[in-house]
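Novice: Sharing a structure, written as structure tokens. Questions coming.
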Amino acid sequence: MELPSSYVEQMKMLLGENYPAYQDSFSVSPAKGLRVNELKISVDDFLKMWTVGGRPSLKKIPWTHDGFYLPEEENAAKLAFYAAGLYYLSDPSAMGPAEFLPVRPGDRVLDLCASPGGKTVELAAKLKGQGLLYSNDISASRAKILKKNMERHGIANAYVTAEDPKKLAGFFRGFFDAILVDAPCSGEGMFRSQPSMVRYWEEHGPEEYAPIQQDLLEDACAMLAPGGFLVYSTCTFSPMEDEDQVLAFLARHGDMEACPLPSVPGFSHLIRGGEELPFVRFYPHRLRGEGQFAALLRKKGDRPIHPAKKALAWARGEEEYLLPASHLPVPGLHYLMTGLHTGTRGKYRFEPSQAFAMALCPWDWPDVLPLAWADPRVAQYLRGETLLLEDSEVKSVPKKDKKDTLVTAGGYPLGFGRRSGVRLKNLRPAGWI
């Protein structure tokens with residue numbers, strides 16, 4: 001790959017004698033990874049399930065507790081496991097920032113630049129269905145992708161907004177216990193996996209992004225509660241966007257302090273003025289993953305503990321929702337997801353939503369069609385086809401008790417269907433097929 005000469009000079013200054021190793025990394029295929037969705041399945045149970053049928057064991061990504069490298073030939077997005085929301089596919093390095101952010105069940109958490117949702121899914125898993133998660137992306141189109149990924153993973157205690165972070169800061173001063181700022185950047189760390197980023201870098205370099213990142217950090221700081229943690233991350237190597245950005249932020253905010261990050265083989269701990277900085281950079285010639293930078297910061301003070309609150313039933317017209325931690329939508333903000341959309345209340349019946357199906361435990365629903373992973377009807381259902389029921393699966397349900405049937409694979413929800421004799425009409429929405 002031909003890299004811009006100015007970029008090459010920058011990297012030679014940054015890496016010194018290690019630059020040739022970085023250059024050689026472009027001849028190696030990017031690693032692929034998956035992160036287990038612990039909202040639905042434990043890591044141990046997932047690994048046992050994965051190897052059924054002769055799949056090779058997965059190798060752990062060393063800076064995560066729930067991330068694993070995928071074999072290069074494995075198309076994991078085509079598997080029913082993926083449709084069931086049991087994992088999120090991601091570059092292994094991109095799993096670091098959410099792993100580093102200390103989140104406790106019950107916390108108020110913000111993913112400020114969240115699309116497409118890989119980091120949000122991990123933050124939600126850390127909350128274990130408790131507390132409150134806000135996931136924001138300034139672009140409404142990207143926020144729609146974020147919402148879909150969150151629904152597939154069964155996240156119920158969250159909101160998705162499409163807002164300018166400065167506007168959010170006006171509503172949520174000192175509100176959040178943990179904030180992730182995975183900032184837009186010049187993308188130098190993605191050159192290997194996305195060669196088109198080279199041309200983009202020539203048109204939109206670090207100088208364009210540094211002011212945006214500074215504003216994001218200021219907005220995040222305003223929304224962080226005393227004792228709260230903030231992770232700032234990028235997928236670039238530019239010191240202007242990385243350590244210089246964080247050091248300048250700390251110089252402006254005496255109430256913020258840097259915290260050490262884990263020491264993992266392959267991490268590059270940065271040196272400035274002969275002293276090691278508590279930040280890390282991922283280089284593709286030193287580990288199996290793309291480029292990444294991360295810093296963990298903390299606002300001085302005592303971290304609050306919030307009393308447990310039950311989900312709140314809420315309706316908007318015919319649409320019904322369960323809102324997390326009894327937190328109502330804030331008037332004036334653009335929401336794409338408000339807690340768990342349970343369904344639509346019609347004149348004669350309740351139509352449960354696909355999001356509701358993905359968040360359900362099968363034993364919480366009165367009528368379930370349990371399919372084995374190897375059942376060919378799983379693939380048929382995911383294609384939107386009507387299913388033929390076996391004799392033992394046919395049920396005669398009184399009309400007054402009749403509810404839509406929850407279709408599961410291996411015990412994990414895929415969506416709803418509707419019984420009609422020996423057939424099950426597929427109710428999986430077109431946008432999910």
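The values are calculated or read from the model by the stated rules, or taken from the named source; none is laboratory data. All of these numbers come straight from a predicted model, not from anything done at the bench. Quick reminder, even Gly has a Cβ in these numbers, built from the backbone with ideal geometry, and neighbours come from all protein chains shown. Heads up: the accessible areas ignore ligands, DNA and RNA and are worked out on the full protein's heavy atoms, side chains in. Shrake-Rupley method; radii C 1.70, N 1.55, O 1.52, S 1.80 Å.
Novice: In the stretch 95-110, how many residues are open to solvent by less than 20 Å² (accessible area, probe 1.4 Å) and assigned to a strand (DSSP E or B)?
Specialist: Looking only at that region, the number is 2.
Novice: Output yes when any residue across the stretch 115-127 is of a type in the set (Gly, Ala, Ser) and without any contact (Cβ under 8 Å) to a residue 40 or more places away in the chain, and no when none is.
Specialist: yes
Novice: Looking for whichever is free of Cβ contacts under 8 Å to residues at least 60 places away in the same chain, more than 24 Å from Pro206 (Cβ to Cβ) and open to solvent by 50 Å² or more (accessible area, probe 1.4 Å) here; the options are Ala313, Ala251. Which one fits?
Specialist: Matching residue, one of Ala313, Ala251: Ala313.
Novice: May I ask you to list pairs of residues, at least six apart or on different chains, whose Cβ atoms are under 7 Å apart, with the first in the stretch 169-195 being free of Cβ contacts under 8 Å to residues at least 24 places away in the same chain and the second being surrounded by 23 or more Cβ atoms within 10 Å (Cβ to Cβ) and assigned to a helix (DSSP H, G or I)?
Specialist: none
Novice: Follow-up question, since we're still on this one. Starting from residues that are touching a helix residue (DSSP H, G or I) at 6+ places or on another chain (Cβ under 6 Å) and open to solvent by 20 Å² or more (accessible area, probe 1.4 Å), keep the ones in the stretch 185-213 and report whichever is nearest to Tyr232 (Cα to Cα).
Specialist: Met190
Novice: If you go through the stretch 181-209, how many residues are out of contact with any strand residue (DSSP E or B) (no Cβ under 9 Å at 6 or more places or on another chain) and either part of a loop (DSSP other than H, G, I, E, B) or of a type in the set (Phe, Trp, Tyr) (or both)?
Specialist: So the answer is 9.
Novice: I'd like the full set of residues that are closer than 20 Å to Pro362 by Cα, of a type in the set (D, E, K, R) and modelled with pLDDT of 90 or more, limited to the stretch 391-433.
Specialist: Result: Glu393, Asp404, Arg418, Arg419, Lys425, Arg428.
Novice: Determine, yes or no, whether Val246 is open to solvent by less than 10 Å² (accessible area, probe 1.4 Å) and in a helix (DSSP H, G or I).
Specialist: yes
Novice: Follow-up. State all residues of the stretch 345-364 that are more than 21 Å from Leu127 (Cβ to Cβ) and either modelled with pLDDT under 95 or open to solvent by 40 Å² or more (accessible area, probe 1.4 Å) (or both); if no residue qualifies, say none.
Specialist: Matches in the stretch 345-364: Arg345, Gly346, Lys347, Tyr348, Arg349, Phe350, Glu351, Pro362, Trp363.
Novice: Out of Tyr88, Tyr19, report the one residue that is crowded, with 18+ Cβ neighbours inside 10 Å and within 30 Å of Arg199 (Cα to Cα).
Specialist: Tyr88
Novice: Here is a list of conditions, (1) open to solvent by 40 Å² or more (accessible area, probe 1.4 Å); (2) in contact (Cβ under 8 Å) with a residue 24 or more places away in the chain; (3) assigned to a helix (DSSP H, G or I), and Glu72 meets all of them except one; can you say which number that is?
Specialist: Every condition holds for Glu72 apart from (3).
Novice: Among the listed residues Val28, Val52, Val43, Val36, which satisfies the condition of being open to solvent by 20 Å² or more (accessible area, probe 1.4 Å), touching a residue at least 12 places away in the same chain (Cβ under 8 Å) and within 20 Å of Leu123 (Cα to Cα)?
Specialist: Every option except Val43 fails the conditions.
Novice: Go through the stretch 345-385 and report how many residues are in a helix (DSSP H, G or I) and either in contact with a Lys or Arg (Cβ under 8 Å, 6 or more places away or on another chain) or in contact (Cβ under 8 Å) with a residue 24 or more places away in the chain (or both).
Specialist: Selection size over the stretch 345-385: 10.
Novice: Do the conditions hold for Gly332, that is, is it touching a helix residue (DSSP H, G or I) at 6+ places or on another chain (Cβ under 9 Å), part of a loop (DSSP other than H, G, I, E, B), open to solvent by less than 20 Å² (accessible area, probe 1.4 Å) and under 30 Å from Val181 (Cα atoms)?
Specialist: For Gly332, the condition - touching a helix residue (DSSP H, G or I) at 6+ places or on another chain (Cβ under 9 Å), part of a loop (DSSP other than H, G, I, E, B), open to solvent by less than 20 Å² (accessible area, probe 1.4 Å) and under 30 Å from Val181 (Cα atoms) - is not met.
Novice: Open to solvent by less than 70 Å² (accessible area, probe 1.4 Å) and in contact (Cβ under 8 Å) with a residue 24 or more places away in the chain: which single residue out of Leu388, Leu414 fits that description?
Specialist: Result of the check over Leu388, Leu414: Leu414.
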